[in-house]
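J.: For reference, the structure I am asking about is given below.
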């Protein structure tokens, strides 16, 4: 591969960037601007906002989300393994066994640390 | 079919890592079954016993060298050397920590678990013969380090350091992955041996994207070893981290990163040395100088040691740049020596520090008159400072001596001159500690009690002895280092 | 000659014993044990010398290997001693003088709360000094070199209660590091070119490599770097500034380390590497000029100093200049000869001045006067009456250093001047510098004698009764040194007096290879010319003596206070403002640079330019505490991105 092969990519890069840039600049220059307090509000629909939109979420949401991802992936591994179970034989069985032991220890840890309790 | 596969994997060659994972699982279980808030003691014991097991496994397998997992990892003398060194450092840090983590209010078992997992990541790094395995290793290690840095949750500096380290680390991870992609795109492989073969055959007409890949990987390593201008995270992370972790981070992960650095650049990119030379030259000069100049201005011993560790990384780049066996063995030698003296210095800093919860702790002022208050402790600190400065007959002198003589031998006289000049400048801030200890009067009203723990004292003692022994008779360590790198080239 | 290793073991035993048990033992035992260990070393040194003398002159090179030290690639070094005539002279001087000063210190340090620590440091110093002169390769020499530097630094700051003294120790250490940097680089280059650092292999290899291209850039650079190391340790221009400040240490330390032994290490090193220097004529010229100028320059500063030890310190710098100058004109054995005689009379001067200070201190203490400086000669005068023994010892040393005929200093200084005169190139210039220096030396030394011992006592009222002679344990070593300061020169009589120059003959096998490497033949002067030169240098000394007599005895001038000085006197008093210039030119810029770097890389740049810029942007979006952190991390990331662009550009743009 030579740099020349990437020429189309480069052109696309500039076209995309240029289009976005020109559009932004054009609206900035052409558009009329009238500032007022209402315009800077989060909702411009006449309703007064209450508090900040960037409220912190409870960390528990993230915790559950992460747990979900881990066990979701576990299943992703296990489907193909189950389909080829006979074919993989003892080797496959032991491998998956080790994988599951590690995950189980993790689950035990979470349980004990209270990650699964909402309150 | 699969029998062949298993035989070709040589699973036995990674026995130490297997043992280590077992230890981690055991340690987690120990934590789980121990009563709440009282688990650190048992977990620590399990970890220590397990690390001894890892060492035994390493030594058992010391003649079983070769590739494993289809060339994904390489077990050779180099791997063996770093396995032993890294396990030792982790062992020492776990050994000395128990009393300190109580002081720093981080008495949770995760402290030990993360150290063990970081060790696993580092083990992967030092044996990786494939960029993907290397990536796995780096990430495993780094994620543990992010958590360890932020472990003192009640301290703003700890949170800040961890966040900075994490964000910037994530940022550079992107470069690393992209670098791997570009290398794969141009060479068709992520295996270091294949990459070397490819570069050797097309050396004259290297595609630009391959250079970009090499550059991005270089940048990722520069970040992990905190070279200028990618050092930004390290002072804050080092300062915010609990001090035992600072001692750990400035030694073991740095050693592991340099080990991988050597393997990737000597094996994989070995034929590109002339092209990489100018860039590394400048990085070396900047790293040595910037770290030094900023260290001059610090008022905290901990922060001074953090900046000076940047400088020391600069010296290591000088040796790396030689692209010769002598330089590589000088790096190995220096990493060991640096680990010994730095851990020693941080332990003294912990002992002397006035108040762990104080954001502005570790002041030079705490050392005032220490030489008369605690002569033995002060003597140990003096030895460490002299060794860090590189004054004979301490181990640090030979560390620098080997590096700069390797540099001169490869024709980098200018670099050696800059390096020696920098080490002359470093006298100033290391000496400040000695001056405080021996040449300033005690101020008894302001003295804080010394923090003692039996484990710390014994390790400090061993460090002092080693610094002096290696300073008087360095060649045994160097010959080990030489034997370790001989298989690489 | 395997017993030679004991010479370093004895001090080691002494210091280990005193480290562990010294604190609880009485002073007498601690002091005498340390002294006797050095005495034992002296006996070993004597035995080594006798054994060496029994060998044929050509075979007087013995190597004693202690253990295999370093094996790294193609560098193999043993921890080994090289014993040859040059070493034998050095170990005799080092152990002999150290022994006397150890004994003296028992009296001088009496009652100090850290008595045993002092002797531990002193023994440690002797250990490293012996390693320095005995090492058979450059790295061992360097270990001794750094070791004595460390001891010197610890001993200068021994009385750490005083901030100024602590700073003096620091200055000594840092200035020396600049010199050491030269040494290190030179060492690396030598290894690069010659592949060995062992003296016995290095010199033939150098002669082989550069013998046909004398003055090649490489060897010139190497020797100039070595010279930089020597100027640091031996306090020559431009790195002499630390030595006068080093006088803050206890007086025995000044005598031992900063006069007789450690500071001569630079001269020893030049003499040891004579072959290398001979191969680089340009460097030799620089060595000669630096020595000559230092000899004169330091002497002129000595004229106006008021502190008895400061006068002696500048005189040491000046005398070291003579030694370096001797090496520069190729008269290495003359340099070592002066090193030896200087060790005798300068140690005597310092110890005698220590006795004076001791006396003054005792007298002032009696009247509870703690403001008067016991070292300031303006507070002395007329001491001859009270301490006649010290007076006469001091006078002997003064005569010796001034170069009046018959005393040790005369022979060695005359030999240096004669050799300078006879040499080519800059010979006349350095001879002139040395001669003027000799006049001034005689002047300031006799000025010191007159102001201290003659005239009337100017100390505080009532304190005169307290002036009394120091105890015998302090004066006995002085007497021994005084005898040496008189007769020490007779081992090297000038050619006009004797055909046989014992000292030169003894050292001849050491320097012969250096001369033969470049086919150099020292010039010989005719007897008539030599007599003339002797007459000139003697009259130089007499002139200096006479002027001092005229001013301070005949006219009875007394030293003026600092404010009354003007013009050139003020310049001399302020030591040519060298300290201030160094501060402005070297130290301040370094501090500024570090502040600047700190600003760019740590705080200022980011805070002022980037953070405040982005902070404004951040404020638009609101958000509280996160501002600071994301702000800075964002900028860190920006800097990283800049680094990435630079590196990629450098690599891809190839």
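What follows draws every value from the coordinates through simple rules; no lab data is involved. Fair warning: this is a prediction, and the values are worked out from it, not measured in the lab. A quick note on method: Cβ atoms are made from the backbone with ideal geometry, for glycine too, and the neighbour counts reach across all protein chains shown.
J.: What average count of beta carbons from other chains do you get within 10 Å of the Cβ of residues in B:379-386?
T.: Details: counts 1, 0, 0, 2, 0, 0, 0, 2.
Rounded to a whole number, the mean comes out at 1.
J.: So, by mean Cβ neighbours within 10 angstrom, what's the order for C:275-287, B:217-229 with the highest one leading? Walk me through the numbers on the way to the answer.
T.: Values: C:275-287: 23.5, B:217-229: 26.2.
Descending mean neighbour count gives B:217-229, C:275-287.
J.: Per-residue counts of other Cβ atoms within 10 Å, averaged by peptide: what ranking do you get for B:59-65, C:245-251, B:23-29, highest first?
T.: Order by mean packing, descending: C:245-251, B:23-29, B:59-65.
J.: Note down the Stokes-Einstein diffusion coefficient of chain B in µm²/s, whole number, using a Kirkwood radius over alpha carbon pairs, 4 °C, and 1.567 mPa s. Please list the in-between numbers first.
T.: On the way: Rh = 22.7 Å.
D = 57 µm²/s.
J.: What is the mean number of Cβ atoms from other protein chains located within 10 Å of the Cβ atom of each residue in peptide C:633-641, rounded to a whole number? Mind dumping the intermediate values first?
T.: Values: counts 11, 1, 1, 10, 7, 1, 6, 12, 2.
Mean inter-chain Cβ contacts per residue within 10 Å come to 6.
J.: Shape verdict for the stretch C:27-156, please, from the Cα gyration tensor: rounded (a/c under 1.5), prolate (a/b greater than b/c) or oblate. List each step's numbers first, then the result.
T.: Details: a/c = 2.91, a/b = 1.52, b/c = 1.91.
Note, shape of the stretch C:27-156 comes out oblate.
J.: Just the Cα atoms of the protein assembly as shown: what Rg and Dmax do they give in Å?
T.: Considering the protein assembly as shown through its Cα atoms, Rg and Dmax are 35.3, 120 Å.
J.: Moving on to the next point. Can you give the percent of C-alpha pairs in the stretch B:1-150 whose distance is more than 25 Å? Walk me through the numbers before you get to the answer.
T.: Values: 3390 of 11175 pairs.
Result for the distance tail: 30 percent.
J.: Principal axes first, then extents: for the Cα atoms of the stretch B:272-392, list largest minus smallest coordinate on each axis, whole Å, largest first.
T.: 54, 26, 22
J.: Over the Cα atoms of the stretch C:137-559, what Rg and Dmax result, in angstrom?
T.: 21.6, 73
J.: Could you sort the peptides C:149-157, C:517-525, C:454-462 by per-residue average Cβ neighbour count (10 Å cutoff), highest mean leading?
T.: Numbers: C:149-157: 25.3, C:517-525: 13.9, C:454-462: 15.6.
For the peptides C:149-157, C:517-525, C:454-462, the packing ranking is C:149-157, C:454-462, C:517-525.
J.: Using a Debye calculation, one point per C-alpha and no hydration shell, please list log10 I(q)/I(0) for the stretch B:339-410 at q = 0.14, 0.18, 0.20 Å⁻¹ in order.
T.: For the requested q values the scattering log ratios are -0.53, -0.74, -0.85.
J.: Return one number: the angle in degrees, 0 to 90 and rounded to the nearest 10, between the long axis of the Cα atoms of helix B:395-409 and the longest principal axis of the Cα atoms of chain B.
T.: 40 degrees
J.: Please compute the alpha carbon radius of gyration of the stretch C:92-216, then divide it by the globular-protein estimate 2.2 N^0.38 Å. Two decimals is fine. Write down the numbers at each step before the final one.
T.: Details: Rg = 18.7 Å, N = 125, 2.2 N^0.38 = 13.8 Å.
Rg over 2.2 N^0.38 Å, computed on Cα atoms: 1.36.
J.: So how far, in whole Å, is the C-alpha centre of the stretch C:37-73 from the one of the stretch C:99-150?
T.: 20 Å
J.: Out of every Cα pair in chain A, what percent are spaced more than 20 Å from each other? Intermediate values should be presented prior to the final figure.
T.: Values: 5175 of 7021 pairs.
Distances greater than 20 Å cover 74 percent of the Cα pairs.
J.: Note the angle between two axes, namely the Cα long axis of helix B:156-187 and the longest principal axis of the Cα atoms of chain B, as a number of degrees from 0 to 90, rounded to the nearest 10.
T.: Tilt of helix B:156-187: around 10 degrees.
J.: Over the stretch A:59-113, what lengths in whole Å, largest first, do the semi-axes of the equivalent ellipsoid take, defined as the square roots of 5 times the eigenvalues of the alpha-carbon gyration tensor? Could you put the intermediate results ahead of the total?
T.: Numbers: eigenvalues 143, 35, 5 Å².
They are 27, 13, 5 Å, listed from largest to smallest.
J.: Based on alpha-carbon centroids, what's the gap between the stretch B:178-236 and the stretch B:18-90 in Å, whole number please?
T.: Cα centroid to Cα centroid, the span is 30 Å.
J.: Here's a follow-up. Using the alpha-carbon centroid of each, what span in Å lies between the stretch C:252-285 and the stretch B:315-384?
T.: 34 Å
J.: Could you give the angle, 0 to 90 degrees to the nearest 10, between helix B:208-224's Cα long axis and the longest principal axis of the Cα atoms of chain B?
T.: The helix B:208-224 is inclined about 20 degrees to chain B.
J.: Now a separate question. Residue by residue through B:226-237, how many Cβ atoms from other chains fall within 10 Å of the Cβ on average? If you can, show how the numbers build up before the last one.
T.: On the way: counts 0, 1, 3, 9, 6, 5, 12, 3, 0, 2, 3, 0.
Whole-number average of other-chain Cβ neighbours for B:226-237 is 4.
J.: Compute the Kirkwood hydrodynamic radius of the stretch B:386-489, taking the inverse of the mean of 1/r over all pairs of distinct Cα atoms, and give it in Å to one decimal. Kindly include the intermediate steps, with their values, before the conclusion.
T.: Values: mean 1/r = 0.0606 Å⁻¹.
Roughly 16.5 Å, rounded to one decimal.
J.: Shifting gears a bit: So what are the stretch C:186-315's ellipsoid semi-axes, whole angstrom, largest first, if each one is the square root of 5 times an eigenvalue of the alpha-carbon gyration tensor? Please report the intermediate quantities before stating the final value.
T.: On the way: eigenvalues 218, 48, 19 Å².
With the √(5λ) rule applied to the stretch C:186-315, the semi-axes are 33, 16, 10 Å.
J.: Once you order the gyration tensor axes a ≥ b ≥ c over the Cα atoms, which shape class does the stretch C:68-121 get: rounded for a/c under 1.5, otherwise prolate or oblate by comparing a/b with b/c?
T.: Numbers: a/c = 7.31, a/b = 1.94, b/c = 3.76.
Note, shape of the stretch C:68-121 comes out oblate.
J.: Which number comes out as Rg/Rh for the stretch C:375-465 once both Rg and the Kirkwood Rh are worked out on C-alpha atoms?
T.: Working: Rg = 17.3 Å, Rh = 14.9 Å.
Result for the stretch C:375-465 is an Rg/Rh of 1.16.
J.: Over the stretch B:272-489, consider all pairs of different Cα atoms and compute the Kirkwood hydrodynamic radius from their mean reciprocal separation; express it in Å, one decimal.
T.: Values: mean 1/r = 0.0560 Å⁻¹.
Computed over Cα pairs of the stretch B:272-489, the Kirkwood hydrodynamic radius comes out at 17.9 Å.
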